[in-house]
Structures are given as C-alpha cells and as structure tokens.
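Here the structure is laid out as structure tokens; the discussion comes afterwards.
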Amino acid sequence: MSGTKEEERKGSSEWREFFWNPRTHELMGRTATSWGLILLFYLVFYLFLAGMFVLTMYIMLLTLDDYSPTWQDQLATPGMMIRPKGDQLDITVSVSDSESWDGFVRNLNTFLSPYNDSYQVQTNDNCPPDQFFIQEDSGEVRNNPKRSCQFNRTMLGDCSGMSDRFFGYSRGQPCILIKLNRVIGMLPGKDGQSPSVSCGAKSEDRDKMGPLKYFPPNGTFNLMYYPYYGKKAQVNYTQPLVAVKFLNASVNTDINVECKINSNTLADGSDRDKFAGRISFKLRINDK
C-alpha cells in the first residue's frame, strides 16, 4: 500500500513539475523565451497567409468589370419564363370561381406595374424599331448609365389589363406573358429580323388548344430592346414581353402547351439544356 501511495505522489509531482518547473522556470517543458519564439513564428506565419489571401483577392478584383462579367459561361440560347406564376408551371382556373384566378390577376398587375405608359415615358426612350440599340463606350470613357427603350403596357393589347382588368380569366380566355431571360450582350437576330414566340399544344392535345392571339403582333421581341448591358449599366432597362391569349381553349381538360423562341441566330435547344429557348406548361380551364 505504501508503495502505491508513493507512486501516486511521484506521478502527481511529475505532472505538476511538467506544468510548471520552479527550478528551471519552464511552463509545460518550455521556457518563456521558447514560448515567445514559437508564438512569434505562428504570428508571422498566419500574417503571411492572410497577406497572400488579401493580395490574391485584390489582384482578382482588378480583373473584374463592375458593369459586365469578365467571363460568361452561358447557354447559346437563353431560357424562357411565363407570368403569372402557377404551381410548378400549372395554371388551373375556374371561370365561375373568381378566387381561382384572382391571384393570377394580382400577380400580372404587380408584374406589369413598371410597364405603365406614364412611367415608361418618363424613364425610357422612344427608340426606332427593328434595329439594335447599341451604345458603345468611347475608349476608356464609359457611356453609363445607358439608356433603354420604352416597352409600354398598352403594347400588350387585350392582355395589358387596361381594356380587360381580369386579363381574360373571367371569360375563359386567359392571357399568359412570356419573357426571354436576360443575357448581357446578346443579339438575338440579324438582318433586321426580330425573334418571335410561337406556342402550340403537345401532339396529344393539339385539338384542345384552339386559336391564339399574340401581343405585340406576331409575338415579336423587337430588336430595339437589345443588347442588354447589365443591371448596373442599364438601370432602367425594361424587358420586352410577349402576351399569348387563348381564345377558345377546350374546357375541363388539361392542355400541355409549349412555347419556343424563333430566331435566325438562336439555336433550338442544346445538348446541355433541351429546354433552352422554350418553356412548357399545363393549362386547365374549368367552366365551373
């Protein structure tokens, strides 16, 4: 027993001596000078790493342009989107039930508020149509902010919410707005031919869709709205829209619709994204 106690006292003494040795003035086996040199080394080492990181970030930022991306890894053909937003691109309404389409009407009114004619006249230019609105910089002198062309809400005709505040939903003739995603510097046409949108039903629903009406006429995205120079350079840019009105679609049945872009410079889809330049959605109009 005495041997065990003596070993415990010896072990405890060795531990205390390791933590602080009063004879050599060592803390955990090192003198104050040794600890100071180690701390100084790590301080210099981490300051060096931080400096390298800051320098690398600074050099990288020097290569970036505030107004346009240095590199663009984009699809050859941009995607498309529709308004109003339905549940997973599913637009279902009942003509006799205003609650089924009231949210869609509010969504369209909110989305179109920046397109009001009064606002467009104040902020944007009345540009000549069918030609690109190119605004080049002069050497290193930036031509910023760049101007934008007017897209007036009344250009959407029956789908503007002006002549019919319910966008046709109350009569079973709904309007769908289509926009092409923004791509900086894209020129989506040549030889004065503007890209256009065409919609059709999938093969199994071809007899259900009925006639369509497009606004602006022929469903065109006029060339004057291109190129897009970016949100910071072109602060008042108004994205062009195409409205599609379903005049006599079959009721009480699902209609699978696909809309696509027609352009002499934009390819139909791609290997990376078969839905580039097109969008599919389901439309159902119930009469009760």
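The values are calculated or read from the model by the stated rules, or taken from the named source; none is laboratory data. Treat the numbers as computed from the prediction; the structure is a model and nothing was measured. Every residue, glycine among them, receives a Cβ derived from its backbone with ideal geometry; neighbour counts consider all protein chains shown.
Out of MET52, MET80, one residue alone is modelled with pLDDT of 90 or more and within 19 Å of the chain's Cα centre (by Cα). It is MET80. Among the residues of region 126-136, just one is without any contact (Cβ under 8 Å) to a residue 40 or more places away in the chain and within 23 Å of LYS190 (Cβ to Cβ), namely GLU136. Search region 235-251 for residues being more than 19 Å from SER118 (Cα to Cα) and crowded, with 20+ Cβ neighbours inside 10 Å, and hand back the single one that is nearest to the chain's Cα centre (by Cα). Among residues in region 235-251 that are more than 19 Å from SER118 (Cα to Cα) and crowded, with 20+ Cβ neighbours inside 10 Å, the one nearest to the chain's Cα centre (by Cα) is VAL242.
Per this entry, TYR214 is not counted among residues that are aromatic (Phe, Trp, Tyr), in the same structural domain as GLY189 (by TED's automatic domain parsing) and touching a residue at least 60 places away in the same chain (Cβ under 8 Å).
Summed over region 187-211, residues that are crowded, with 19+ Cβ neighbours inside 10 Å, out of contact with any Ser or Thr (no Cβ under 7 Å at 6 or more places or on another chain) and either in a loop (DSSP other than H, G, I, E, B) or not assigned by TED's automatic domain parsing to the domain that holds SER160 (or both) total 1. Yes or no: THR110 polar (S, T, N, Q), surrounded by 15 or more Cβ atoms within 10 Å (Cβ to Cβ) and either touching a residue at least 40 places away in the same chain (Cβ under 8 Å) or not in a loop (DSSP other than H, G, I, E, B) (or both)? No: the conditions fail for THR110. Name the single residue, out of those in region 64-105 being over 30 Å from PRO195 (Cα atoms), out of contact with any Ser or Thr (no Cβ under 6 Å at 6 or more places or on another chain) and not aliphatic (A, V, I, L, M), that is surrounded by the most Cβ atoms within 10 Å (Cβ to Cβ). Selected residue: TRP101.
In region 182-208, the residues that are within 30 Å of GLN135 (Cβ to Cβ) form Cβ pairs under 8 Å with partners that are part of a loop (DSSP other than H, G, I, E, B) and of a type in the set (D, E, K, R), at six or more places apart or across chains, as follows: GLY192/ASP130; SER194/ASP130.
Condition check ((1) modelled with pLDDT of 95 or more; (2) not assigned by TED's automatic domain parsing to the domain that holds PRO145) across all residues:
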| site | (1), (2) |
| --- | --- |
| TYR58 | no, yes |
| THR70 | no, yes |
| GLN74 | no, yes |
| GLY86 | no, no |
| SER96 | no, no |
| VAL105 | yes, no |
| LEU112 | yes, no |
| ASN116 | yes, no |
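Close contacts from region 33-51, counting a first residue that is among the aliphatic types (A, V, I, L, M) and a second that is outside any helix (DSSP H, G or I), with Cβ to Cβ under 8 Å and a gap of 6+ residues or different chains, come to ILE38/ARG30.
Any residue in region 152-171 that is buried (at least 19 other Cβ atoms within 10 Å of the Cβ), of a type in the set (D, E, K, R) and under 30 Å from ILE285 (Cβ atoms)? Yes, because at least one residue in region 152-171 is buried (at least 19 other Cβ atoms within 10 Å of the Cβ), of a type in the set (D, E, K, R) and under 30 Å from ILE285 (Cβ atoms).
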